[in-house]
Structures are given as structure tokens and as C-alpha cells.
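Written below as C-alpha cells is the structure these notes are about.
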Amino acid sequence: MSSNRSGPKSVSSTPAGLPVLGAPVRERADAARNRIRVLEAAEKLFAERGVDAVTMDDVAGAAGVGKGTLYRRFGDKGGLAMALLDERERELQERIITGPPPLGPGAEPADRVGAFIEAYLELLDRQLDLVLLSETATTGARFRTGAHALWRRHCRHLLEAGGAEDAEIAADVLLAALSAEQVRHWRQEREMSSATLAESLVRLARTWLR
């Protein structure tokens, strides 16, 4: 499965200091509805069976669309999987930029960092296999995704605002702890719950803030 994706596009600034996603391609209403059905069906099947066990035929049947439509829109299963991940990452960015506090603007930096940690762990709970694939397909792939650059800028901005001494390094440390491979180890090998993990990482991040 290919992991070549640019992720969220940086085209302008926001009050939170984040790059903004590229504008989505305009599509007909019926095409938009089909895309939503396909992504929802794929998400459900990937969660139930794992990405490797799901075929494009499975997704087409569950979504109620023709297989040809699926291939024309997404290319292959790799393209479909990355489209799903891009969609969920875009939703998280929108909540960060325009959503209510504490994840969105209007809360103290420490509270926003904590909300980001919790929200990102929720994303990993739903899309761990896809994030892991995007981060580990090739050496250093995690650092080349647009999503990683976006999350890093957001965390650095909040840590700086909260008085962290070295916000750049702190942001890197936090995102290393939130990498899919590390979280999978904690969740599966160490059997840590998402709630316990979130609590520990939020507590760690708060030690960097004044």
C-alpha cells in the first residue's frame, strides 16, 4: 500500500499558527454522498477486520457503489486508506482551528495541549493501522507527512505560549510519544488503556509549562 501523500497542505496562516488544509476539490452532490458512504464503509470494515483483510469488493458492497466507481475515485486500496486517513486528520485540524475550547482557540495553552493529546489518541484508536502505515512505510516517513508538520507546529506554538524552555524539542518529544508505533506498543504490549496513556502524557506535558 502506498504511503505517498502530502497530507494537509500549508497554504496560509491561521490565528493558531497552523497551516490550512488545501481546499477540497469541488464535487457533485451525488459524488460527495458516495465518497462519504465509501469512507464510512471502509472505516468500519478496516476496524472490524484489519486493513489487509479487506478488499475493494468488500468496500464497494458495503457502501453500495460499483467497484469501477471505487477504483476511479481512489485508484486502489492504498489510495482509499490514505483518503480515509486524510479525511480524519482534516476533521481534527478543523476542530483545532475553529472548534470550541479547549481543543479549539480560547483556552489556556496547557489545557489545549492536553486536549490535543486526548484528541490525537482518539484518532489513533480509530485509525492506528493507517497511521502506522503512513509513518513507517519507509525510513523517516513519519517526518515527511504533512500531518506531522501540522501537529508539530501546533504543539510548538502552544508550548511556546505556555512558557516551555525549549518548545521545539518538547514538541518533538511529545510527538515521538504519540507516534503510532509507540502508542501501539503501550496499548498492545503494555496493555495500557487510552485513558491511562492520555493522563500520563498530559501530566508530562504540563511539567514543561510554567
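At-a-glance table
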quantity	calculated
The listed residue being among the basic types (Lys, Arg), free of Cβ contacts under 8 Å to residues at least 60 places away in the same chain, over 18 Å from Ser194 (Cβ atoms) and surrounded by 19 or more Cβ atoms within 10 Å (Cβ to Cβ), out of Arg142, Arg72	Arg142
Enumeration of residues in region 26-65 that are in a helix (DSSP H, G or I) and of a type in the set (Gly, Ala, Ser)	Ala29, Ala31, Ala32, Ala41, Ala42, Ala47, Ala53, Ala60, Gly61, Ala62, Ala63
Residue list for region 23-73, filter: modelled with pLDDT of 90 or more, within 22 Å of Leu124 (Cβ to Cβ) and either acidic (Asp, Glu) or assigned by TED's automatic domain parsing to the domain that holds Leu85 (or both)	Glu40, Glu43, Glu48
Given (1) crowded, with 17+ Cβ neighbours inside 10 Å; (2) touching a residue at least 40 places away in the same chain (Cβ under 8 Å), index of the condition Gly50 fails	(1)
Test: residue in region 129-142 that is more than 14 Å from the chain's Cα centre (by Cα) and among the acidic types (Asp, Glu)	no
Matching residues in region 142-179 - criterion: being of a type in the set (D, E, K, R) and assigned to a helix (DSSP H, G or I)	Arg142, Arg144, Arg152, Arg153, Arg156, Glu160, Glu168, Asp172
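The values are calculated or read from the model by the stated rules, or taken from the named source; none is laboratory data. No experiment lies behind these values; they were computed from the predicted model shown. Here the Cβ is made from the backbone with ideal geometry for all residues, glycine too, and neighbour counts use every protein chain on show.
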